[in-house]
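Read the structure below first, then the notes.
The values are calculated or read from the model by the stated rules, or taken from the named source; none is laboratory data. Computed from a prediction, not measured in an experiment: that's the story for all the values here. Here Cβ is always computed from backbone atoms with ideal geometry, including for glycine, and neighbour counts include all displayed protein chains. What goes into the accessible areas is simple: the full protein's heavy atoms, side chains included, and nothing from ligands, DNA or RNA. Shrake-Rupley method; radii C 1.70, N 1.55, O 1.52, S 1.80 Å.
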Amino acid sequence: MADRRVEPREWWREVRIALRRLARTPGWTALVTLTLAFGVAGTSGVAELALLALRPLPFSAAHELVAVWETRRGMRRWVAPANYLDWRRESESFAGLAAHDTRGASVTVEGVASRERVVDVSGNFFDVLGVEPSEGRTFDPAFDPTFPAREAVLALPAARGFFGGAREAIGRTLL
């Protein structure tokens with residue numbers, strides 16, 4: 001098959017012919033358009049997730065962080081609290097060992113309740129990650145996260161949403 005170069009005038013003519021053919025079969029055209037749209041959206045979404053996964057963590061020694069979990073019946077499980085305390089006490093391989101658990105909870109601020117994602121953490125969590133709060137303080141490392149918790153550290157968006165800002169959240173009460 002010979003290489004056929006299309007002149008600019010011919011190119012527009014070809015486009016008009018293609019559009020006329022697509023207009024004759026609107027169902028097929030819609031199907032092809034939707035397929036292309038989903039393909040582009042899926043590719044963009046995967047690319048965005050890849051960028052998020054490759055972005056370095058915002059911690060001073062992120063390359064030294066590891067996750068530790070238990071395996072039961074071939075499935076990853078969160079570490080039982082008693083095991084975590086044993087590992088923390090007996091560990092000689094880690095500079096620090098902290099625990100966290102994410103869950104949904106009802107949070108009430110000044111009589112207004114909302115469903116939020118909360119993270120229960122051990123008292124040394126922020127020290128192990130090497131992060132400091134923008135305002136206020138983190139937990140005392142001796143903090144005992146047994147319920148009912150007496151202290152909370154709010155992410156900046158939560159502090160803004162509940163109290164109007166980080167400074168305004170310090171010392172305030174939430175349930």
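What is the local net charge at ALA98, summed over the other residues whose Cβ is closer than 12 Å to its Cβ (Lys, Arg +1; Asp, Glu -1)?
Cβ neighbours under 12 Å give a net charge of -2.
Compute the helix-to-body angle for 81-90: its Cα long axis versus the longest principal axis of the chain, expressed 0 to 90° and rounded to tens.
The angle comes out near 70 degrees.
Report in % the part of the accessible area of the chain that belongs to carbon and sulfur, leaving out ligands and nucleic acids; probe 1.4 Å.
59
Would you work out the charge dipole size for the chain about its Cα centre, treating the Cβ of every Lys and Arg as +1 and the Cβ of every Asp and Glu as -1, and quote it to the nearest 20 debye?
1400
In percent, how large is the relative contact order of the range 71-175, given Cα pairs closer than 8 Å and 6 or more residues apart?
Relative contact order here is 21 percent.
Excluding ARG77 itself, calculate the net charge of residues whose Cβ lies under 12 Å from the Cβ of ARG77, where each Lys or Arg counts +1 and each Asp or Glu counts -1.
+1
In the chain, if the dipole is taken from +1 on Lys/Arg beta carbons and -1 on Asp/Glu beta carbons about the Cα centre, which of PRO81, GLY104, ALA18 is farthest to the positive end?
ALA18
Leaving ligands, DNA and RNA out of it, rank VAL128, VAL109 by accessible area with a 1.4 Å probe, largest first.
The ranking, largest first, comes out as VAL128, VAL109.
If you average over every viewing direction, what projected area does the convex hull of the Cα atoms of the chain give, in nm²?
In nm², the orientation-averaged hull projection of the chain is 21.4.
Per-residue counts of other Cβ atoms within 10 Å, averaged by peptide: what ranking do you get for 44-55, 115-126, 93-104, highest first?
115-126, 93-104, 44-55
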